[in-house]
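Only one structure is covered here, and it is reproduced in the block below.
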Amino acid sequence: MNITEKLIKSHLVSGEMVPGKEIAIKIDQTLTQDSTGTMAYLQFEAMGIPRVKTEKSVAYIDHNTLQTGFENADDHKYIQTVTKKHGIYFSKPGNGICHQVHLERFGKPGKTLLGSDSHTPTGGGIGMLAIGAGGLDVAVAMGGGAYYLAMPQVCRVVLTGKLSPWVTAKDVILEVLRRLTVKGGVGKVMEYAGEGVKTLSVPQRATITNMGAELGATTSVFPSDEVTKAFLRAQGREEDWVELKADDDAVYDEEITIALDEIEPLVACPHSPDNIKKVSELKDLAVDQVAIGSCTNSSYVDMMTVAALLKGKTVDPNVSLVIAPGSKQVMNMLAANGALADIISAGARILECGCGPCIGMGQAPATNAVSLRTVNRNFEGRSGTKSAQVYIVSPETAVASALSGKLTDPHTLGEAPVIEMPEHFLVNDNLVIPPAPEGECVKVVRGPNIQPFPKNTKVPKEIKGEALIKVEDNITTDHIMPSNAKLLPFRSNVPYLADYCLTPCDPDFPARAKKAGGGFIIAGQNYGQGSSREHAALAPLQLGVKGVIAKSFARIHMANLINNGILPLVFVNEWDYDNIKLGDEFVIKYAADQIAGAAQGQSVQVTNLRTGDEIPTRLNISERQRDILLAGGLLNYTKESAK
């Protein structure tokens, strides 16, 4: 077996390990962050389970750390108290980004990790089966429930050779994206192999698995080997190490080979992570802002490299350079060894250990600005400035460009610094608050911004509604539910957020949906790519959306729609998309029967009352998902199943 199959088999609860078939796996660990966590814990409370049943569950505060009003602080207080009550560890603001900290302090090779953040696959860098999901799926897993998914295909990515100086792990994953695109990993696990793996450190591997999310992959995974063991030993966690490797005769569904020594510094151009060019091709591009950090490139080695390159130099006067170390551990070590002083002396602005610019939480660029970022996504408007042009680069390219004022190949800086992994990391977990002992009375504090989340009802005999909006391919969850600094504080207030649903595509959509009493969203390919945010399903539910008819869906968003009782219908004939007009009235007759038939492979007929056309659609669901939809969502289904 390959690594993926071994991880799945050791956690398999039900189902056959046949690609495309639904399987259920046991979840060992969960993580949440504060922009999705509030809703996940509200849903966990609604299940009535007194204490989590996982081996380790951790709630991180890393997204909503700008406290310009009471809203974020209220959410943090709620999360801290609800986790204390229910057996969950709480990582305080300032402790760092969930994926960076979890890799450092909690992740274990061979274990499963489910996180309410799409970049949870970062854990694959140490040999975890780490999967991003919606908050409700994570809530169910915390309650001891299995996680259901389609058995993925496994793509073997063979790495040969060794990275040349100035070429990084960021360039490796950008090369994978160049070849496969943002849709190339859908339904797959990317499993890394080959002699080149041994040359990559754990932080480098984690950068690659982190951005596997941009491929649409279920997750990505590296072997757990001596490199992994050395990393865990340096974290004081050698006892957590187990070896994990593929059998010599392991079989894969597909395979690609990447020669590490042939890669050049690359850049993802606006507005997609797969819009890849060589840095050398864009050398005259003037730069206004450079942001270094995020869960992709904020490790100790990344930051020490940045410090070495900035030492004794000064940032170009026309560039704003901001740097955010990924964890308190990294920040402490930079401060202790003097590297932080080198960064500050060069003219960089130091941000707290959090997501910050990556998710548009502060540091929005100027109008029409060019911003180079070491982040994982550069969707239009995600930075907080719709007209900004965001380019994704490595930390080395980012520093070279900050010094020159133009997008610059780091080869121009001369000899590349060699930064060794430390033999011992500074370990201080004093910002991780353990839960209360079981049985201790804990009061859960709820501020006024925390509002009830919308709930669906059982499927009626007929589902009727109009085409409320028609959008193109690759609509992201940032389009569906924007998450800029002004809206993130309202992640626990879905009624408020709903007024901004899909407004980047059509400012009139929320008002139209309310006036019509709900209806359908019409979409192109890969609808819902990007973040795991369940709010991209909750906000449409609040507005009465009954279904989305699309050419195809991104994995997590499709699951979130099903979990909230919204039909994710796929056009059988893509030309039917072209014939639909805004305001067309649709009806799905005998809805419950048709949904039941869909689980057996039958099509769902949607009637367009304007044209009289019968539009055949597919509802790619299992029998379990059929029952979830019929019940009106996973929460209703879970409650009914418990009776």
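The values are calculated or read from the model by the stated rules, or taken from the named source; none is laboratory data. Bear in mind the structure is a predicted one, so any value in this text is a computation, not a measurement. Heads up, the Cβs are rebuilt from the backbone with ideal geometry, glycines too, and the neighbour counts pull from every protein chain shown.
One residue stands out in the stretch 85-128 among those that are of a type in the set (S, T, N, Q) and in a loop (DSSP other than H, G, I, E, B): the one that is farthest from GLY439 (Cα to Cα), namely SER118. Can you tell me which residues in the stretch 205-228 are of a type in the set (A, V, I, L, M) and either on the phi > 0 side of the Ramachandran plot or not in a helix (DSSP H, G or I) (or both)? Answer for the stretch 205-228, where residues must be of a type in the set (A, V, I, L, M) and either on the phi > 0 side of the Ramachandran plot or not in a helix (DSSP H, G or I) (or both): ALA217, VAL221. Here GLU191, GLU262, GLU255 are screened, and the one residue that is of a type outside the set (Val, Ile, Thr), surrounded by 15 or more Cβ atoms within 10 Å (Cβ to Cβ) and more than 23 Å from GLN329 (Cβ to Cβ) is GLU191. On inspection, SER298 fails the criterion of being in contact (Cβ under 8 Å) with a residue 40 or more places away in the chain and on the phi > 0 side of the Ramachandran plot. In the stretch 266-276 there is at least one residue that is outside any strand (DSSP E or B), surrounded by 14 or more Cβ atoms within 10 Å (Cβ to Cβ), of a type in the set (D, E, K, R) and not assigned by TED's automatic domain parsing to the domain that holds LYS170. In the set VAL158, VAL154, only one residue is closer than 15 Å to ILE8 by Cβ and assigned to a strand (DSSP E or B); that residue is VAL154. Candidates VAL322, VAL290, VAL306: the one that is buried (at least 24 other Cβ atoms within 10 Å of the Cβ), assigned to a strand (DSSP E or B) and not assigned by TED's automatic domain parsing to the domain that holds GLY124 is VAL290.
Scanning the stretch 333-354 finds one or more residues that are in contact (Cβ under 8 Å) with a residue 60 or more places away in the chain, of a type outside the set (Lys, Arg), in a loop (DSSP other than H, G, I, E, B) and surrounded by 24 or more Cβ atoms within 10 Å (Cβ to Cβ). Looking across the stretch 607-643, the residues that are of a type in the set (Gly, Ala, Ser), in a loop (DSSP other than H, G, I, E, B) and within 30 Å of the chain's Cα centre (by Cα) come down to SER622, GLY632, GLY633.
Residue-level check: of (1) over 30 Å from ILE8 (Cα atoms); (2) touching a residue at least 40 places away in the same chain (Cβ under 8 Å); (3) in contact with a Ser or Thr (Cβ under 7 Å, 6 or more places away or on another chain), ALA324 misses just (2). Hey, any hits in the stretch 393-412 for a residue that's assigned to a helix (DSSP H, G or I), without any contact (Cβ under 8 Å) to a residue 60 or more places away in the chain and surrounded by fewer than 17 Cβ atoms within 10 Å (Cβ to Cβ)? Within the stretch 393-412, one or more residues are assigned to a helix (DSSP H, G or I), without any contact (Cβ under 8 Å) to a residue 60 or more places away in the chain and surrounded by fewer than 17 Cβ atoms within 10 Å (Cβ to Cβ). Within the span defined as the stretch 134-157, one or more residues are surrounded by 21 or more Cβ atoms within 10 Å (Cβ to Cβ), under 23 Å from THR397 (Cβ atoms) and assigned by TED's automatic domain parsing to the domain that holds ASP34. Against the conditions (1) within 24 Å of the chain's Cα centre (by Cα); (2) in contact (Cβ under 8 Å) with a residue 24 or more places away in the chain; (3) surrounded by fewer than 17 Cβ atoms within 10 Å (Cβ to Cβ), LYS443 satisfies every one except (1).
Scanning the stretch 172-183 for any residue that is touching a residue at least 12 places away in the same chain (Cβ under 8 Å), part of a strand (DSSP E or B) and over 17 Å from the mean Cα position of the chain (by Cα) turns up nothing. Note on the stretch 457-474: residues that are surrounded by 17 or more Cβ atoms within 10 Å (Cβ to Cβ) and either over 25 Å from the mean Cα position of the chain (by Cα) or at pLDDT 95 or above (or both) amount to 10. Residues that are touching a residue at least 12 places away in the same chain (Cβ under 8 Å), touching a strand residue (DSSP E or B) at 6+ places or on another chain (Cβ under 6 Å), under 30 Å from GLY144 (Cα atoms) and among the aliphatic types (A, V, I, L, M): does the stretch 601-613 have at least one? No, the conditions are met nowhere in the stretch 601-613.
Checked against (1) in contact with a strand residue (DSSP E or B) (Cβ under 9 Å, 6 or more places away or on another chain); (2) of a type in the set (Lys, Arg); (3) surrounded by fewer than 24 Cβ atoms within 10 Å (Cβ to Cβ), LYS229 meets all criteria but (1). Here the stretch 355-390 is the region considered, the condition is being at pLDDT 95 or above, over 19 Å from SER531 (Cα atoms) and crowded, with 21+ Cβ neighbours inside 10 Å, and the residue that is farthest from the chain's Cα centre (by Cα) is VAL370. Of all residues in the stretch 204-219, one or more are touching a Phe, Trp or Tyr at 6+ places or on another chain (Cβ under 6 Å) and under 24 Å from PRO325 (Cβ atoms). Could we say that THR68 is closer than 24 Å to ILE323 by Cβ and part of a loop (DSSP other than H, G, I, E, B) here? So THR68 fits the description; yes. Would you confirm whether any residue within the stretch 98-107 is in contact with a Cys (Cβ under 6 Å, 6 or more places away or on another chain) and within 20 Å of MET142 (Cα to Cα)? Yes: one or more hits.
Can we say GLU255 is more than 14 Å from SER394 (Cβ to Cβ), of a type outside the set (Gly, Ala, Ser), out of contact with any Ser or Thr (no Cβ under 7 Å at 6 or more places or on another chain) and not assigned by TED's automatic domain parsing to the domain that holds GLN389? Answer is yes for this residue. Looking only at the stretch 413-425, residues that are aliphatic (A, V, I, L, M) and surrounded by fewer than 16 Cβ atoms within 10 Å (Cβ to Cβ) come to 1 in all. In the stretch 48-55, the condition of being surrounded by 21 or more Cβ atoms within 10 Å (Cβ to Cβ), part of a strand (DSSP E or B) and at pLDDT 95 or above is met by no residue. Residues in the stretch 475-515 that are surrounded by fewer than 22 Cβ atoms within 10 Å (Cβ to Cβ), within 30 Å of LEU630 (Cβ to Cβ) and of a type in the set (S, T, N, Q): 1 in all.
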